[in-house]
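Down below is the structure, laid out as structure tokens.
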């Protein structure tokens, strides 16, 4: 069942013109989209939940936004089988991000199950990314920190990390900063 052609066939069959137009509006930096409603992702992921890391990597290489989102979601389902490989893939994948949707899914759902065991590595990665010249890497570095929003012992460190981007002029980085600040206040 772990067949990329099958995934693409399924994505095409579930696509809609209305959803595609919606993606163009809400994710304007996405280059290619099938047009899949978010409610369909869970159903599709469940069909491929037993796939391996090689499948995730092949799927990530796809040109479409939904392929990358599915890759991140499937990775999140298997990440605890090999946390080291997951982090290696995430560090590789982050270079390909070109929109907020893929960024946010990979930074949260893609690693949520290993956030605690890989905490030191993820925090260090976040510190590095927030200093990047690349807008999506900076956003990714911030969104990674959402995995620790409930951990009161990390609040000070998170606030110190986001200081690097608090005055960032990029819209999507500013939105992520606002998001993490609101999340820290909530918990």
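Below are the figures for this structure:
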item: Residue that is modelled with pLDDT under 95, in a helix (DSSP H, G or I) and assigned by TED's automatic domain parsing to the domain that holds residue 102, where the choices are 24, 49; result: 24
item: Selection from the stretch 161-187 of residues that are in a helix (DSSP H, G or I) and either touching a residue at least 24 places away in the same chain (Cβ under 8 Å) or crowded, with 20+ Cβ neighbours inside 10 Å (or both); result: 161, 162, 172, 173, 175, 176, 177, 179, 180, 183, 184, 186
item: The one condition in (1) buried (at least 21 other Cβ atoms within 10 Å of the Cβ); (2) farther than 19 Å from residue 89 by Cβ that residue 103 fails to fulfil; result: (2)
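Conditions (1) assigned by TED's automatic domain parsing to the domain that holds residue 20; (2) in contact with a helix residue (DSSP H, G or I) (Cβ under 6 Å, 6 or more places away or on another chain); (3) free of Cβ contacts under 8 Å to residues at least 40 places away in the same chain, marked per residue:
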residue	(1), (2), (3)
73	yes, yes, yes
92	yes, no, yes
97	yes, yes, no
105	yes, yes, yes
122	no, yes, yes
131	no, no, yes
137	no, yes, no
142	no, yes, yes
159	no, no, yes
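The values are calculated or read from the model by the stated rules, or taken from the named source; none is laboratory data. This is a predicted model, so every value here is computed, not measured. Reconstructed Cβ throughout: ideal geometry from the backbone, glycine too, with neighbour counts over all protein chains shown.
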